[in-house]
Amino acid sequence: MDQPVDSVYTKDSPAFQRSVDRVVKKAFLWAIPEWIRPNHVTVLRFVLTPVVLVTLHYNLRWLAFGLFVVAAATDFIDGAMARTRAQITKTGIIIDPIADKVLIASVLAYVGFQYLVVKIILAFAVAEIFLVGVGATMSLRTSRQPAAANVFGKSKMVLQSVALIAFLVARILSLDGLLHVSIYLLWAAVAFAVLSGVKQIRDVYFKAQAG
C-alpha cells in the first residue's frame, strides 16, 4: 500500500505555491469528494493525453484545445489536493511528473515538431522521464523519498502549458503574432528546464556530501 510521505510543505516550499494551492482549493477542491485521491486525477491526465491527440488528428481543434486545457489543469489540481489534504505519496511524486511530460511532449510533437525548440523540449522530456525512472527504482530499494519537482521545474511546466495553449489558439485562428509568442515562451521553458536540472544536480551533490 502506498503510504503518505511525512511532510506536506517543507521549508523550501515557495510562498507562491502555497498561495496557488489556496486558490485551487477554493476554486475547485470543494467540488471534489475526499474519496477521489490526487493519483486518480493524475491518471486522468494520462487518459486525456491520447484523447487530445485523436481530436487533433481528426481536426477537432476547439475540442482538442478544451481537452488540453482540462488535462493541463489537472496538474494544478492533483498537486494542490495532495498538499492541502496531506495526501502526498511516493507513487504520486513519481507518476505526476511523468504524466506532465507525456502530455506536453505528445501534444508538442504532434503540433510543432518542425520547430527546433520543440525538438529540444522533447529531448529534455525523454531524459527527465528516464531520470524519474531511475529515482523511482532507487526509492523502491531504499526508504528515501523521491525528489519532488523544484520551483524551476514547476515554472517550466507552467510556461510549457501556457505556450501550448497559445500555440493551439494561434493555429486555430491563424494568428502569426501569437504563434511567435508561444515559441518564445517555449524557449523560456527550456531555460527553466536547464535551471531545474542544475538545481537537481546541486541538491544531489550536497546530499551526498552531507551523507
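Which members of the stretch 48-81 meet the condition of being charged (D, E, K, R) and over 30 Å from Ser19 (Cα atoms)? Passing the criteria: only Arg61. Listed by position, the helices (runs of 4 or more DSSP H) inside the stretch 78-191 whose residues that are among the acidic types (Asp, Glu) number at least 2 are 90-112. Surrounded by 16 or more Cβ atoms within 10 Å (Cβ to Cβ), in contact with a Phe, Trp or Tyr (Cβ under 9 Å, 6 or more places away or on another chain), within 29 Å of Glu34 (Cβ to Cβ) and not aromatic (Phe, Trp, Tyr), is that true of Ala72? In short, no.
Among the criteria (1) among the aromatic types (Phe, Trp, Tyr); (2) modelled with pLDDT under 95; (3) surrounded by fewer than 18 Cβ atoms within 10 Å (Cβ to Cβ); (4) touching a helix residue (DSSP H, G or I) at 6+ places or on another chain (Cβ under 7 Å), the one Trp187 does not fulfil is (2).
Among the conditions (1) at pLDDT 95 or above; (2) of a type outside the set (Asp, Glu); (3) surrounded by fewer than 15 Cβ atoms within 10 Å (Cβ to Cβ), the only one that Ala127 does not satisfy is (1).
Just to verify a result, which residue in the stretch 44-69, among those that are free of Cβ contacts under 8 Å to residues at least 40 places away in the same chain and surrounded by 15 or more Cβ atoms within 10 Å (Cβ to Cβ), is nearest to Asp100 (Cα to Cα)? Per the criteria, the residue is Leu44. For the stretch 87-109, the tally of residues that are aliphatic (A, V, I, L, M) and either under 12 Å from Gln160 (Cβ atoms) or at pLDDT below 90 (or both) stands at 8.
Taken over the stretch 13-65, the residue count meeting the criterion of being within 27 Å of Ile88 (Cβ to Cβ), outside any helix (DSSP H, G or I) and among the polar types (S, T, N, Q) is 1. Taken together, Asp96, Asp78, Asp100 contain a single residue that is surrounded by 17 or more Cβ atoms within 10 Å (Cβ to Cβ), out of contact with any Gly (no Cβ under 8 Å at 6 or more places or on another chain) and acidic (Asp, Glu), which is Asp100.
The values are calculated or read from the model by the stated rules, or taken from the named source; none is laboratory data. Small disclaimer: the values here were computed from a predicted structure and weren't measured. Heads up, the Cβs are rebuilt from the backbone with ideal geometry, glycines too, and the neighbour counts pull from every protein chain shown.
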